[in-house]
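Everything below concerns the one structure shown next.
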Number of protein chains: 2
Amino acid sequence: MADSIALDPVDLHILRLLQNDSRTTYRELAAEVGVAPSTCLDRVARLRRSGVILGHQLRLDPARLGRGLEALLSVQVRPHRRELIGPFVERIRTLPESRALFHLTGPDDYLVHVAVTGTADLQRLVLDEFTSRREVARVETRLIFQQWECGPLLPPPAESAESGH
Amino acid sequence: MADSIALDPVDLHILRLLQNDSRTTYRELAAEVGVAPSTCLDRVARLRRSGVILGHQLRLDPARLGRGLEALLSVQVRPHRRELIGPFVERIRTLPESRALFHLTGPDDYLVHVAVTGTADLQRLVLDEFTSRREVARVETRLIFQQWECGPLLPPPAESAESGH
DNA sequence: ACTGAAACCGGTTTGAC
DNA sequence: GTCAAACCGGTTTCAGT
């Protein structure tokens, strides 16, 4: 699974455009890339089938939705065993405040990206959903001043990835 | 700026549906929500104008694009002054390996989410783009075992956010 | 906020290379 | 096998109400 797909310049151009605005029409895509609309359609369908394209998502502004404060919580779960981390992950990832959850190497096992209404809401969240859990050994909270989503995700420039050992 | 917008149940229903699949047609939206398609169009246009909806984005699988390893880099930038952090942010956020960048409170000033081809690529990135920079005082690298995007981002349930400014 | 009509688009078919 | 052109049914969009 997860084999890297061979992508030609047309595929890359299409992906770049769709990452800016996933509702770009096939006609616009075609005009921009310099191929026929049906070709764009074929390419996108292939990219969907091959799993490169996971889906189309709406990006919302948390602040405009009344969640003006975001934070990252580093969490130690001890003991770090499947019986404990399964329910923990399931609970945390379904909290309305959670935006993303990472399972990491290093001393802190999880990083949780949350969006809350303010510091009072954040305090409540930390106390009621994290430190109150028996398996949570430590929580470290860092506020997010500012965040940037980075440029389009593209394959590495050369074929350096596969030197098959 | 970033005032919280008054959203009625129709808006919320539409947002929830579009977060699952931002290409849902206005017709489907209308059928699901129980209003006319043109009403959905009006609502979405308003949400776009008011800034709640930032855009429509394609979600890609980094692994299928040859970037099978992801990591979080915690970075200290010293001295932490505008003249230093401006160029640093600009450089890091435009790296093809960068997926997201956070400016944080706490001892580590920045967190960078990167996607690379493998450990060799990660080592190169850390050495060439981070520790080689004069203003970077410390870099801590943690690998991502697994990550989850969390449920739809919605406004907090009650009117606790706005107690009139 | 709904209706309806016209412009537009997605996706299939067909045909050329 | 891949791309381009034609085509149809569905979608978006904009009047008017």
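Quick grid of which residues meet (1) among the acidic types (Asp, Glu); (2) more than 8 Å from every other protein chain (Cβ to nearest Cβ); (3) away from DNA strand D (no atom under 16 Å from the Cβ):
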{"site": "A:19", "(1), (2), (3)": "no, no, yes"}
{"site": "A:35", "(1), (2), (3)": "no, yes, no"}
{"site": "A:54", "(1), (2), (3)": "no, no, yes"}
{"site": "A:66", "(1), (2), (3)": "no, no, yes"}
{"site": "A:73", "(1), (2), (3)": "no, yes, yes"}
Considering only the range A:86-99, I want to know if a residue exists there that is without any contact (Cβ under 8 Å) to a residue 24 or more places away in the chain, within 16 Å of DNA strand D (Cβ to nearest atom) and either surrounded by fewer than 21 Cβ atoms within 10 Å (Cβ to Cβ) or facing chain B (nearest Cβ under 9 Å) (or both).
no
Kindly indicate whether residue A:72 is surrounded by 14 or more Cβ atoms within 10 Å (Cβ to Cβ), touching a residue at least 12 places away in the same chain (Cβ under 8 Å) and more than 16 Å from DNA strand C (Cβ to nearest atom).
yes
Return the residues of the range A:16-32 that are surrounded by 14 or more Cβ atoms within 10 Å (Cβ to Cβ), within 13 Å of DNA strand C (Cβ to nearest atom) and assigned to a helix (DSSP H, G or I); say none if nothing qualifies.
A:17, A:18, A:26, A:28, A:29, A:30, A:32
May I ask you to say which residue of A:78, A:82 is away from DNA strand D (no atom under 12 Å from the Cβ), more than 8 Å from every other protein chain (Cβ to nearest Cβ), surrounded by fewer than 18 Cβ atoms within 10 Å (Cβ to Cβ) and within 26 Å of residue B:61 (Cβ to Cβ)?
A:82
Which listed residue is out of contact with any Cys (no Cβ under 9 Å at 6 or more places or on another chain) and under 25 Å from residue A:115 (Cβ atoms), from B:104, B:69:
B:104
I'd like the full set of residues that are part of a strand (DSSP E or B) and either touching a residue at least 40 places away in the same chain (Cβ under 8 Å) or surrounded by 14 or more Cβ atoms within 10 Å (Cβ to Cβ) (or both), limited to the range B:133-148.
B:136, B:137, B:138, B:139, B:140, B:141, B:142, B:143, B:144, B:147, B:148
Quick one: residue A:111 ticks every box in (1) at the interface with another protein chain (Cβ under 7 Å from one of its Cβ atoms); (2) surrounded by fewer than 15 Cβ atoms within 10 Å (Cβ to Cβ); (3) among the aliphatic types (A, V, I, L, M) except a single one, so which number is it?
(2)
Here is a check on your reading of the model: is residue B:13 assigned to a strand (DSSP E or B) and surrounded by 13 or more Cβ atoms within 10 Å (Cβ to Cβ)?
no
Could you count how many residues in the range A:33-57 are more than 10 Å from DNA strand C (Cβ to nearest atom), touching a strand residue (DSSP E or B) at 6+ places or on another chain (Cβ under 8 Å) and farther than 21 Å from residue B:68 by Cβ?
2
Number of the condition not met by residue A:27 [criteria: (1) at pLDDT below 90; (2) within 16 Å of DNA strand D (Cβ to nearest atom)]:
(1)
Does the range B:119-132 contain any residue that is facing another protein chain (nearest Cβ under 7 Å), touching a residue at least 12 places away in the same chain (Cβ under 8 Å), hydroxyl-bearing (Ser, Thr, Tyr) and outside any strand (DSSP E or B)?
no
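The values are calculated or read from the model by the stated rules, or taken from the named source; none is laboratory data. Just so we're clear, the structure is a prediction, and the values are computed from it rather than from any experiment. A quick note on method: Cβ atoms are made from the backbone with ideal geometry, for glycine too, and the neighbour counts reach across all protein chains shown.
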